[in-house]
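Asker: My questions will all concern the structure given below.
The values are calculated or read from the model by the stated rules, or taken from the named source; none is laboratory data. Since the structure is predicted, the reported quantities are computational estimates derived from the model, not experimental observations. Glycine also receives a Cβ, built like all others from the backbone with ideal geometry; neighbour counts cover every protein chain displayed. Please note that ligands, DNA and RNA were not included when accessible areas were found on the heavy atoms of the full protein model with its side chains. Shrake-Rupley method; radii C 1.70, N 1.55, O 1.52, S 1.80 Å.
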Amino acid sequence: MLAAWPLALGAVPLALAAEAWTPRTVTPMTGGWQFVQDDGLSDAALASNGAGWTRVELPHAWNARDAAGIAQATPASKDYKRGLGWYRLQFAHAPGAANSWLRFDGASIAADAWLNGQKPGRHRGAFGAFRFDVSGRLLKGPNVLVVKADDRAAVSAFDPTAIAPLSGDFNMSGALYRAVSLVGTPARAHIALDDLGSSGVHVTTEPAAPDTSNIRVVRRQD
């Protein structure tokens, strides 16, 4: 749903209705992760309890050392490790918000996520934030989130990582290299959270008279 309000610059906004409301909640999920870099591990990793995996905190990148120290300047440059990285987080949850979203501030290059064995989605692209709707999928008590990060070099147009940029004078580290959080919204209409990880509010200018400036605000709403 889209809602738009043309506002004259300097105009006083409408008074908000005096009503009780519950704000959006954002719970950081940066500590307590288990990690393994294993190209041979399949989706059977969902059944793993993480035994033998390494404890990490976000932001994290398995290429933090090899890729950071290898300049990809010539075809003869030494390769750095590209493959699959598996992240596992067990966390407690107390029911409250009616709508819940997992927010990833960045994952490289492609990411698949499973919450309690169910897959809310896949994201392709190393540099943008994204969210998965997990409303109704959270359990009271322990929950398990598993994320597969994939930074393998694409060999065909059908590979998950076949997304621009495919090459350049930089390294494509594999990782959950930014924060992850759980976002909750109350049981009412709310600004859309599936708008490519954006705020859901877009502001643009419109043509006006020489001495007047107008602003158009468009809000995506669920």
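Asker: Across region 109-131, what is the total count of residues that are under 17 Å from ASN171 (Cα atoms), surrounded by fewer than 21 Cβ atoms within 10 Å (Cβ to Cβ) and among the hydrophobic types (A, V, I, L, M, F, W, C)?
Answerer: Summing the residues that are under 17 Å from ASN171 (Cα atoms), surrounded by fewer than 21 Cβ atoms within 10 Å (Cβ to Cβ) and among the hydrophobic types (A, V, I, L, M, F, W, C) in region 109-131 gives 1.
Asker: With the requirement that a residue be open to solvent by less than 40 Å² (accessible area, probe 1.4 Å) and either within 16 Å of the chain's Cα centre (by Cα) or farther than 30 Å from HIS93 by Cα (or both), what does region 136-153 give you? Step through it out loud before you land on a result.
Answerer: Going through region 136-153, the residues open to solvent by less than 40 Å² (accessible area, probe 1.4 Å) turn out to be 138, 141, 143-151.
The answer is LEU145, VAL146, VAL147, LYS148, ALA149, ASP150, ASP151.
Asker: What's the total number of residues in region 136-148 that are on the phi < 0 side of the Ramachandran plot, out of contact with any Gly (no Cβ under 9 Å at 6 or more places or on another chain) and without any contact (Cβ under 8 Å) to a residue 60 or more places away in the chain? If you could, list the steps in order and put the result at the bottom.
Answerer: First, the residues of region 136-148 that are on the phi < 0 side of the Ramachandran plot: 137-140, 142-148.
So of that shortlist, the ones also out of contact with any Gly (no Cβ under 9 Å at 6 or more places or on another chain) come out as 137-140, 142-143, 145.
After this cut, where a residue has to be without any contact (Cβ under 8 Å) to a residue 60 or more places away in the chain as well, the list is 137-140, 142-143.
Looking only at that region, the number is 6.
Asker: Sticking with this structure for a sec: Tell me yes or no: at least one residue of region 52-67 is at pLDDT 90 or above, within 24 Å of TRP101 (Cβ to Cβ), open to solvent by 50 Å² or more (accessible area, probe 1.4 Å) and of a type in the set (Asp, Glu).
Answerer: yes
Asker: Another question, if that's okay. Those residues that are assigned to a strand (DSSP E or B), out of contact with any Leu (no Cβ under 7 Å at 6 or more places or on another chain) and open to solvent by 30 Å² or more (accessible area, probe 1.4 Å), I need them from region 21-35; list them, please.
Answerer: If we filter region 21-35 for residues that are assigned to a strand (DSSP E or B), which is where we start, we get 25-28, 33-35.
Filter again for out of contact with any Leu (no Cβ under 7 Å at 6 or more places or on another chain), leaving 25-26, 28, 34-35.
Listed by number, the residues that qualify are THR25, VAL26, PRO28.
Asker: Quick test for you: out of ALA126, ALA113, ALA73, pick the one residue that is among the aliphatic types (A, V, I, L, M) and modelled with pLDDT under 90. Walk me through how you get there before you give the answer.
Answerer: Numbers: ALA126 fails: modelled with pLDDT under 90; ALA113 fails: modelled with pLDDT under 90.
Just a single option satisfies the conditions, and that option is ALA73.
Asker: If you don't mind, another one. Taking region 103-135 only, how many residues are assigned to a loop (DSSP other than H, G, I, E, B) and touching a residue at least 24 places away in the same chain (Cβ under 8 Å)?
Answerer: Going through region 103-135 one residue at a time, the tally reaches 12.
Asker: Here is a further query. Which condition from (1) exposed (fewer than 11 other Cβ atoms within 10 Å of the Cβ); (2) modelled with pLDDT of 70 or more is the one that GLY168 breaks?
Answerer: (2)
Asker: Quick check, is LEU89 at pLDDT 95 or above, part of a loop (DSSP other than H, G, I, E, B) and open to solvent by less than 20 Å² (accessible area, probe 1.4 Å)? Give the steps one after another, and end with the answer.
Answerer: Working: at pLDDT 95 or above: yes; part of a loop (DSSP other than H, G, I, E, B): no; open to solvent by less than 20 Å² (accessible area, probe 1.4 Å): yes.
In short, no.
Asker: Residues to consider are SER42, SER48; find the one that is at pLDDT below 90, out of contact with any strand residue (DSSP E or B) (no Cβ under 8 Å at 6 or more places or on another chain) and of a type in the set (S, T, N, Q).
Answerer: SER42
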